[in-house]
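The values are calculated or read from the model by the stated rules, or taken from the named source; none is laboratory data. As the structure is a computational prediction, the values presented were derived from the model and not from experiment. Neighbour counts run over all protein chains shown; Cβ positions are idealised from the backbone, glycine included. Ligands, DNA and RNA are stripped out before the accessible areas are found, and what is left, the full protein with its side chains, is counted by its heavy atoms. Shrake-Rupley method; radii C 1.70, N 1.55, O 1.52, S 1.80 Å.
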Amino acid sequence: MLWQSMKKQGLFITFEGIDGCGKSTQVRKAACFLEEKKIPILVTREPGGTPIAEKIRDIILSPDHDSMTNRCELLLYLASRAQHVQEKMRPALEKGVTVLCDRFQEATFAYQGFGRGFLLSTVNQLNQFSTNGLKPSRTYIFDISIECAFSRMKKMVKVPDRIEKSSKELYQKILEGYLKLASNEPSRIKIIDGEESIGSIYNKICDDLSVLFA
């Protein structure tokens with residue numbers, strides 16, 4: 001199995017989807033599942049994950065920054081990732097720690113590529129530079145309707161950030177982008193029905209993780 005062939009390096013597992021899809025809940029539950037199996041893990045998120053990257057996150061997501069250009073947004077996301085990968089992710093993976101990350105490269109392809117309209121080739125080149133080639137071993141994309149996502153976001157007890165204030169039309173492009181990315185790499189990227197119950201989703205992810213770590 002994949003884990004057997006990578007004993008000296010931890011697995012890199014990412015959780016992706018549009019806002020409101022439920023991925024953050026499943027990151028926490030997957031972490032508990034792996035901890036019970038005594039697998040060393042690091043749970044982190046993007047943008048963010050380190051002090052510098054978290055400050056960049058604050059800049060990107062602040063509702064006060066509506067004047068931010070799409071080009072600036074893309075570069076800030078990748079600047080955050082560059083710091084995150086070098087300072088935190090890669091050292092953990094090299095020590096054999098499995099990294100669970102709430103969003104990573106697929107988010108950039110979906111949001112800034114398909115959503116904002118940047119050429120995927122450009123986004124890919126910049127992402128390769130920022131990560132120095134680091135790529136997830138497994139990615140879960142949570143598929144959810146735009147209507148369901150917006151309904152969930154309305155129930156959140158928080159002020160919407162700059163990205164969460166985006167239109168349904170933009171979110172539709174992002175969602176379609178995520179599904180296109182999954183279709184291009186079906187062996188690495190798994191689509192999860194984000195509208196199923198939390199327990200049902202958790203069981204499916206645990207089943208897949210059990211195979212990865214067998």
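Sorted by mean Cβ packing within 10 Å, highest first, what order do the peptides 22-34, 191-203 take?
Highest to lowest by the protection proxy: 22-34, 191-203.
At 222 nm, what helix-only mean residue ellipticity would the chain give, in deg cm²/dmol to the nearest 500, using -39500 (n - 2.57) for each DSSP H run of four or more?
-14500 deg cm²/dmol
Averaged per residue, what accessible surface does the chain expose to a 1.4 Å probe, in Å²?
49 Å²
Given a Förster distance of 45 Å, report the FRET efficiency between residue 168 and residue 203 from their Cβ-Cβ distance, rounded to the nearest 0.05.
Calculated value: 0.90.
Short version: ³J(HN,Hα) in whole Hz for each residue of the stretch 71-85, in order, from phi by Karplus 6.51 cos²θ - 1.76 cosθ + 1.60 (θ = phi - 60°), x for Gly and Pro, what are they?
Whole-Hz 3J(HN,Hα) from phi for the stretch 71-85: 5, 4, 4, 4, 5, 5, 4, 6, 5, 4, 5, 4, 5, 4, 5.
Can you pull the percent of the chain's accessible area that's carbon plus sulfur, 1.4 Å probe, other chains left in place?
54 percent
Normalise the Cα radius of gyration of the chain by 2.2 N^0.38 Å (N = residues in it) and let me know the number.
Relative to the rule-of-thumb radius for its length, the chain sits at 0.98.
Past 23 Å, Cα to Cα: identify those pairs from 154/180; 158/190; 23/95; 155/180; 37/158; 38/88, in the order given.
Over 23 Å Cα-Cα: 154/180; 158/190; 23/95; 155/180; 37/158.
At 0.36 nm per residue, and after removing the present C-alpha to C-alpha distance, how many nm does the segment from residue 71 to residue 55 gain when stretched out fully?
That pair, residue 71 and residue 55, stretches by 3.9 nm at full extension.
How far apart, in nm, are two points set 7 Å out from the Cα along the Cα-to-Cβ line at residue 43 and at residue 124?
About 3.4 nm separates the two model spin labels.
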